[in-house]
1. In the chain, if the dipole is taken from +1 on Lys/Arg beta carbons and -1 on Asp/Glu beta carbons about the Cα centre, which of 601, 29, 246 is farthest to the positive end?
2. Provide the FRET efficiency to the nearest 0.05 for the residue 482-residue 82 pair, computing r from the beta carbons and using R0 = 25 Å.
3. What distance in nm separates the simple spin-label points at residue 685 and residue 329, each placed 7 Å from Cα in the Cβ direction?
4. Go ahead and run the numbers for FRET between residue 46 and residue 71, Cβ-Cβ distance against an R0 of 22 Å, rounding to 0.05.
5. Just how large is the dipole of segment 464-578 about the Cα centre, in debye to the nearest 20, putting +1 at every Lys and Arg Cβ and -1 at every Asp and Glu Cβ?
6. Quick one: if the Förster radius is 45 Å, what FRET efficiency do residue 382 and residue 239 give, using the C-beta to C-beta distance and rounding to 0.05?
7. Using just the helices of the chain, give the 222 nm mean residue ellipticity in deg cm²/dmol: DSSP H runs with n ≥ 4 each add -39,500 (n - 2.57), and the total is spread over all residues, rounded to 500.
8. So, counting K/R as plus one and D/E as minus one, what does the shell of residues with Cβ under 14 Å around residue 405 add up to?
Amino acid sequence: MAASIYSKGTKVWFEDKERGWISGEVLSTSVHPDESVDITFINERQREISLRTTLKDITNNARNLPPLCNAQEYEQVDDLTHLPHLNEPSILQVMLNRYSQQQLYTYSGIVLVAVNPFADVPIYGQDVIQTYAGRNRDELRPHLFTIAEEAYGAMQSDSQNQTIIVSGESGAGKTESAKYIMRYMASVKSGSIHDTATSTSVEHQVLATNPILEAFGNAKTSRNDNSSRFGKYIQILFDDQSSIVGARIRTYLLERSRISFQQRSERNYHIFYQLCEGVSSEERANFGLDADTTGYRYLSSSSIKIDNVDDATNFSATRQALSVVGIDEEKQLAIFRLLAGILHLGNIEVTHRRDAKDSIIDDKNDAALQKAMELLGIDPVEFAKCTTKKLIDARGEKFSSARTMDQAIGVRDGVAKFIYSSIFDWLVLRINESLSADEAVQREKSFIAVLDIYGFEHFQTNSFEQFCINYANEKLQQQFISHVFKLEQAEYAEEAIDWTTIEFSDNQPCINLIEGKLGIIALLDEESRLATGTDESLIDKLNSQLKTPEHKPVFKDHLHGNEAFLVAHYAGDVSYNIDGFLEKNRGTVPDEHKFLLTNSTNSFLREVAEVGFNVGVDPHLHTAPGSPTKLVSPKNHVAPGLKAVSGRKPTQASIFKSSLLTLMDALQKTEIHYIRCIKPNESKRPWGFDSPLVLAQLRACGVLETIRITSAGYPTRWTYEDFAAR
Ligand code: ATP
Ligand code: MG
């Protein structure tokens, strides 16, 4: 039996440097009395290959043997796990075949794999939505809508909350997929969603959250012209008639560094360009805004225009969406005023004295300072003083010491980042207020949530942001693997098969390293709270405390051990450069600036700053997703000044960790559906398919791992009919 797996004519795959895999077939086999086996193959390039193995290795599907090809009828299967021979080249072949027939979606067991076409495909219209509504998975081709329908149906029949997790690397199509799913939900019940400008139905309000969050939270990066720089968990709330009654949004870790700096060919957040292009002439004069964005330090990267994107048109769309969710025009102007303030803030000149390192800001003649402070409602002289000098309180005695130029620039940019991220948090809070107001929550019976979260990241240089993102991915991967493993176990139990020998990669050690009691986040926080802490002292601390036998397999030795640390993630080793870790983690402004912001004469800035200072402190600002607690509105609060906002400052990593733990808890209580988006080529080429790139992503998103689990006991799965026929 074992030898017949490779018999004359059996089709196999061979690895190939150029094409990834090429096909071949068995020419002859001979089995020897000692159970060794000689096999000769010929590959597509007409090269003969001989191999000596054993019956045992063949039975065990050993790695050194060429994987088996599937019969032609399987070349386009809807579900990868239906392949008789489950191996990487066969999976790739199916994906490629389907993609070249414009079939973007393929199942891999419970997962829907989606390959980005980078081209318009007419498969998302109302007609298609209605085709999928109420139909089973087996009746129609794989689609985002089958998953949406499955979630919708399960919510109705099991009365259980549902989550659809959409993952994949930057540019893979997560946000687009999430939007199609939201549209499906919004129109499947009501029959259609028309793009009428005036409509403020709750479905429209839910959909209007997309352009708002994209304007404020997306930017052009080198990998995606519309890259989401935050994670999003949106719950769509339904009543007992399965009609939409509202929504609840949680966001995660908006990238702050982008406010003051962008890589070449990248941009700042879309809203800044929309504002500069789209404001009326009266507003332009009021805000002192120039249409030419190159004059602003925060926007001055080389990339200004995005192909096929009109920032001015999008600005009207953003304004309209803000109105739909109940943020009126007066508030909108207040937001734009702060955004203009941020742009002017960035143009404040910080220099240093010729004879010393002490920083200087010209508080009389710097026009940017005057304009920024006018918009922000802060005294320019005070701002200049607090930014160039540091107030030190030594045992009750107060004195000031000069900041260097770089330090003062860091403080200036820190204030800009803080205001911007506070505006973002404020927006989310207000959207939640109108979309999950008391009335909605009272009618809410269940929800379908969509999680659009950044996939695993591994760049040339990786920093704090990648660290947090990859930590989130470790948690999601753990959840996913244990889910799949439990399902698989159940199936084996049903067929009374011994499954105890099946192993899967357990990423708990890596999670312990990151979030454990004395793990990376704990040490990072400890160092961030020390006045004397620096990136150098942090890396020393990590190296001296984490090089233990427990962490050794995941906290690896690093060639540049005093500049970076290396974590062995499930999807690969990543080296994190320590530069900027402490500053990014502290993520706050000096106390003096906190005072200036919370005592500004601009009442909207006070309101926004209160939200910003309370993130992670005030439990009402980040309630557990799914909890019906009403969100506290900051709008009637008086600016609290220094006293109310002091105390132990939550760090960015600890805020992220606790919101991630809350998220994982919330997910656990829902029924989960998985969509894995794949970016098939780096250059965003329509219908371009780069096999090694696809393979790497299938690996990183866990699809290959689950296939491995699935095939661990049973490398080959035949139905009885097929087996008998053979
Ligand atoms: P990021 O992590 O950077 O936010 P993402 O996974 O959310 O990336 P998207 O912004 O959804 O990626 O998609 C990137 C681009 O790919 C889109 O702007 C669009 O041009 C194209 N795209 C994605 N999905 C589709 C689709 N289903 N049909 C056509 N084009 C698509
Ligand atoms: Mg996105």
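1. The Cα lying farthest towards the positive end belongs to 601.
2. Numbers: r = 24 Å, r/R0 = 0.95.
After rounding, the FRET efficiency stands at 0.60.
3. 4.9
4. Calculated transfer efficiency: 0.45.
5. Result for segment 464-578 is approximately 360 debye, rounded to the nearest 20.
6. 0.30
7. -13500 deg cm²/dmol
8. Neighbour charge sum, excluding residue 405 itself: +1.
The values are calculated or read from the model by the stated rules, or taken from the named source; none is laboratory data. Bear in mind the structure is a predicted one, so any value in this text is a computation, not a measurement. Note that each Cβ is placed from the backbone with ideal geometry, even for glycine, and that neighbours are counted across all protein chains shown. Protein only, heavy atoms only, side chains kept; ligands, DNA and RNA dropped before computing areas. Shrake-Rupley method; radii C 1.70, N 1.55, O 1.52, S 1.80 Å.
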